[in-house]
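Let me begin by presenting the structure, written as structure tokens, before commenting on it.
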């Protein structure tokens, strides 16, 4: 593009110098328009790359703030001690990019551009950069990770209705890429359209209070339990930049729970 611009400018200058006053009057505004268009184009390209850099800086700041928040929370909990054990921070955040994602299958997966060498492990939560549940990691290679999407019939977690606190399992029914189902809610539970659905403290993957979606509708089943249709907050067809969340106490918790689940 730069070479073409230079050639056109040289040609325009040649015609301008060797032309009549009338021709100069015509060529001058055309030349100015070409120059303006060129600078507008290059400015747009420069702005695009600057925007990418700005997004990377903002993402880095979000990660730092979330990790600092975890450290601050722990510091408050341990305020009666003289030393804060930062290794005991419950959740650690890192950023990554989605490089492959499907939404049209019954079992959809997400490929992420970070792996074991970047500290990524199985059972790390995958959350959109704006703080919505997307999935969780199920397998890692050295450089990449595979996540199970919310839009996967094998996805398992739990959700809580924000205002009432009622909770139940969440799953995808394989229908729409914009909705999942929150099930087993008692018939006497308080439910309203628009209520926000959050992750629960029962999850061994997600921090509690991560937003999942909002109540779109609900239906009482023969079991006298509600199935709640949840409109997802994350745009699963467009999500690209994500946060990966490590639950540092996962292994200790699993070992304790499995010990008694096997009895």
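Coordinate-derived values only; no laboratory data. Keep in mind that what you see is a predicted model, and the values were worked out from it rather than measured. In this analysis, Cβ positions are derived from the backbone assuming ideal geometry, glycine residues included, and neighbour counts consider all displayed protein chains.
In terms of the mean number of neighbouring beta-carbon atoms within 10 Å, the peptides 212-218, 93-99 order highest first as 212-218, 93-99. Here each label is just a point 7 Å from Cα along the line to Cβ, and for residue 163 and residue 97 those points are 4.2 nm apart. Calculated FRET efficiency, residue 143 to residue 222, Cβ-Cβ distance, R0 = 35 Å: about 0.10 to the nearest 0.05. Note on residue 116 and residue 254: the extension gain reaches 47.6 nm, defined as 0.36 nm multiplied by sequence separation minus the Cα-Cα distance. Kirkwood analysis of the Cα pair distances in segment 187-238 returns a hydrodynamic radius of 12.3 Å.
Averaged over residues, the count of other Cβ atoms within 10 Å places the peptides 233-239, 109-115 in the sequence 109-115, 233-239, highest first.
By its C-alpha gyration tensor, with a ≥ b ≥ c as the square roots of the eigenvalues, how is segment 96-263 shaped: rounded for a/c under 1.5, else prolate for a/b larger than b/c, else oblate?
The shape class here is oblate.
Per-peptide packing, taken as the mean over residues of other Cβ atoms within 10 Å, places 157-166, 220-229 in the sequence 157-166, 220-229 from highest down. Is the C-alpha gyration tensor of segment 83-158 telling us rounded, prolate or oblate? Criteria: a/c under 1.5 is rounded; beyond that, a/b larger than b/c is prolate, otherwise oblate. It is prolate, given that a/c is not under 1.5 and a/b is the larger ratio. With a ≥ b ≥ c the root eigenvalues of the C-alpha gyration tensor of segment 219-263, is it rounded (a/c under 1.5), prolate (a/b larger than b/c) or oblate? Here segment 219-263 falls in the oblate category.
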